Amino acid sequence: QVWLVESGGGLVQAGDSLRLSCAASGLTFNRYIMAWFRQAPGKEREFVAAIDWSGSGTSYADPVKGRFTISRDNAKALVYLQMNSLKREDTAMYYCAARGSVIMRTNPPAFSSWGQGTQVTVSS
């Protein structure tokens, strides 16, 4: 069974930075595309960023380009999301997700495994 456990969320002020972490177990980590999604109250879950198995290929949603950076450590089965210059509109529950394919996708149904989420709240 695949387990994804997120950490690092919290309450910050606009302009601050946070780094989210996702620890994975129960899968051959370096064969999975990993991604971050987020969901704000009353809104649909949306794609944030994804990274391929090697770490050399990444994809970002337009609202976070230039501010967020996704990375991974295959030796430790960890994926990170460095979030800089946070804005109020970044407030959401952030989820880690895994996709057992080499083909990059950004839609939630393409990801088979999900964590429980970590809350990020940005105050102005």
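The values are calculated or read from the model by the stated rules, or taken from the named source; none is laboratory data. This one's a predicted model, so the numbers in the text were calculated from it and none came from an experiment. Cβ coordinates were reconstructed from backbone atoms using ideal geometry, including for glycine residues, and neighbour counts include every protein chain displayed. For the accessible areas, the whole protein counts, side chains as well, though only heavy atoms, and no ligand, DNA or RNA atoms are used. Shrake-Rupley method; radii C 1.70, N 1.55, O 1.52, S 1.80 Å.
Key figures for this structure:
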read-out	value
The chain: most fluctuating residue of 24, 98, 61 per GNM, C-alpha cutoff 10 Å	61
Listed residues 54, 112, 101, most fluctuating in the chain (Gaussian network, C-alpha, under 10 Å)	112
Derived scalar couplings ³J(HN,Hα) [region 47-57; Karplus, 6.51 cos²θ - 1.76 cosθ + 1.60; whole Hz; x for Gly, Pro]	5, 10, 7, 9, 9, 7, 4, 7, x, 8, x
Per residue solvent-accessible surface (Å²) - the chain, probe of 1.4 Å	52
Carbon/sulfur fraction of accessible area - the chain, other protein chains in place, 1.4 Å, %	47
Aspartates and glutamates whose Cα lies under 13 Å from that of residue 87, excluding same-chain neighbours fewer than 8 positions away	16
Region 61-107-region 1-40 distance, computed between alpha-carbon centres (Å)	7
Residue 89 - accessible surface, heavy atoms, 1.4 Å probe, Å² rounded to 10	120
Model label zone, residue 13; criterion: amide N under 17 Å from point 7 Å along Cα-to-beta-carbon; scope region 78-96	84-89
Gyration tensor (alpha-carbon) shape descriptor, the chain, a/c threshold 1.5	prolate
GNM top mover of 52, 90, 16 - the chain, alpha-carbon springs below 10 Å	16
Residue 56 accessible area, assembled protein chains, probe 1.4 Å, Å²	100
